[in-house]
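J.: Can you keep this structure in mind? I'll have questions shortly.
Derivation of every value follows stated rules applied to the coordinates shown; laboratory data play no part. What you see is a predicted model; the values in this text were computed from it and never measured. Cβ coordinates were reconstructed from backbone atoms using ideal geometry, including for glycine residues, and neighbour counts include every protein chain displayed.
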Amino acid sequence: MTQDTPATVLLDPHGAEFAADPYSTYAALRALDGPYYYKEIDTWMLTRMADVEAVALNKTMLRNNEAFISEDARLAQQRAINFHDMPHHERFVQVNLLESEGATHDRLRKVVFREFTPAMIARQREAIQSFVDRLLDSLSDQDEVDFVGDFAAHVPGHIIGRILGVPDEDCPQLRHWSEEVVRFFDPGRGDEDKARAEQATKEFYEYLLDLLAERERAPQDDLLSRLIGHRDGGRLSQDELISTAMLILMAGHGSTIDVLGSGMHALLRYPEQHDRLREDPSLMKTAVQEMFRYESPLPFFHRFATEETEVGGKLFPAGTRFGLLYGAANRDPARFENPDKFDVGRTPNRHMAFGGGGHFCLGNHLARLDMDVIFSTLNTRFAAISLAEETPEYKRGLSVRGPKALRVAWQRA
Ligand code: HEM
């Protein structure tokens, strides 16, 4: 496979133009006669649903390339992306359930799957409702708010913290650590971000150690206590317990904030769809799925080929890195009729915002429940919500999608 690609399509995910509209770039990439080689990260980008799905479901495609590179090459790779000399981050963030494969991944996934059941998530509805009500009460004397900063940013970290067993008053601190750690994944990261990510991981680790000691003395009905049981039963190590707790917080925190912002924005951009949802609340489930499809908050993941494989009609050698652009696949006209239309009643809606195959998102029920409770509550508590700024600015980069802020005006019902 040569690495020549037509000069006509330019992928520049760092710019303001891409942040404002990644979808025209995705459409241009999809129209090429095969995957697009993105030199900056030595990755073949996949934008068609058929290709993205095939790679995500292919068991020979792995998230890490440890199986076929030497330890020296792995260290060189780690240095190249400035992921070295940060002991806590390397121990608890760079190695975890999401980054593992094979027997380790199967074992860890089984443990977390047993605990993160749809029934356990459904039991959180009341707690989510009461937190959302209290938060909205505190904002109700304002006619205009930043929906992202004043509202959405407070919800997911609090709910995940609660599931883990973190006391309510510590949840804002959790949010801070999560943001500091996740910021380091941004393409524009610098050494200061690195120092902050390491510091936050260290503090979070020390916090979890204390909390674990408390739970060991007096187990509660929470996820940390249950993970301790699995650790004591030999199903995961102490480091794995800590990295799993960190992953659960980080995987679902920023992404849920982002999709709350972009989902609200979609409803405000297409008021006829918002009216339809208000008139028929039974559409909430399909509306939430459509929000995930329309603006997938985690649009980019990757896989390595462990053997020579055909993708998108072309043959690639073992070691090739593929970019799974879930956000692009979710706008593929070959899968979705009128893919650029936001349709709260869309069925079927087989999107890939939560991935697919072996790494399929463990938190999808929780993220969808948060959204369901929030948008249902907003529709009953507010007679009207409108956009209070012309064009909200979206975050830059390939890996995240969501508005930085979203100014809305609202009138109570
Ligand atoms: C807006 C919400 C969310 C989105 C869009 C999302 C998306 C995803 C995607 C696409 C993957 C697969 C990654 C890949 O293909 O390599 C994934 C994995 C994962 N997600 Fe989520 N997620 C969300 C919320 C959550 C929440 C709330 C949690 C936990 C509370 C969570 C926990 C996880 C975990 C643990 C994995 C790794 C699974 C594995 O490797 O086996 N996610 N998520």
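J.: By per-residue mean of other Cβ atoms within 10 Å, what is the highest-first order of 152-158, 33-39, 140-146?
T.: 152-158, 33-39, 140-146
J.: Can you figure out the FRET efficiency of Y270 with H176, using R₀ = 30 Å and their beta-carbon distance, to the nearest 0.05?
T.: 0.30
J.: While we're on this one: What is the local net charge at A383, summed over the other residues whose Cβ is closer than 11 Å to its Cβ (Lys, Arg +1; Asp, Glu -1)?
T.: It works out to a net charge of +3.
J.: I would also like to ask the following. Under a straight-distance cross-link criterion of Cα-Cα below 18 Å, which aspartates and glutamates are reachable from K395, leaving out those fewer than 8 residues away in the same chain?
T.: D12, E17, D21, D146, D150, E179, E180, D186, D193, D258, E295
J.: Further question: Among the aspartates and glutamates, select those whose C-alpha is under 18 Å from the C-alpha of K110, and discard any that sit fewer than 8 residues away in the same chain.
T.: E99, E101, D222, D232, D239, E240
J.: Once phi is turned into ³J(HN,Hα) by the Karplus curve 6.51 cos²θ - 1.76 cosθ + 1.60 with θ = phi - 60°, what whole-Hz value does each residue of region 142-156 show in order, with x for glycine and proline?
T.: Ordered by residue, 3J(HN,Hα) equals 9, 8, 9, 9, 8, 4, 6, x, 7, 10, 3, 4, 8, 7, x Hz.
J.: Using a cut-off of 13 Å between beta-carbons, work out the net charge of the residues near A31 (Lys and Arg +1, Asp and Glu -1, A31 not included).
T.: +1
J.: Quick one: Karplus J couplings for region 374-387, per residue in order, coefficients 6.51, -1.76, 1.60, θ = phi - 60°, nearest Hz, x for Gly and Pro?
T.: 5, 6, 5, 5, 4, 5, 8, 7, 10, 6, 8, 10, 9, 6
J.: From the backbone phi of region 51-63, what are the Karplus-calculated ³J(HN,Hα) couplings (6.51 cos²θ - 1.76 cosθ + 1.60, θ = phi - 60°) in whole Hz, Gly and Pro given as x?
T.: Each residue of region 51-63 in turn: 6, 4, 5, 4, 6, 4, 8, 7, 5, 8, 9, 10, 6 Hz.
J.: Return the calculated 222 nm mean residue ellipticity for the chain, to the nearest 500 deg cm²/dmol, obtained by summing -39500 (n - 2.57) across DSSP H runs with n ≥ 4 and dividing by the residue count.
T.: -15500 deg cm²/dmol
J.: What does the charge count around R125 come to, taking other residues whose C-beta lies under 13 Å from its C-beta (Lys +1, Arg +1, Asp -1, Glu -1)?
T.: So the environment of R125 carries a net charge of -1.
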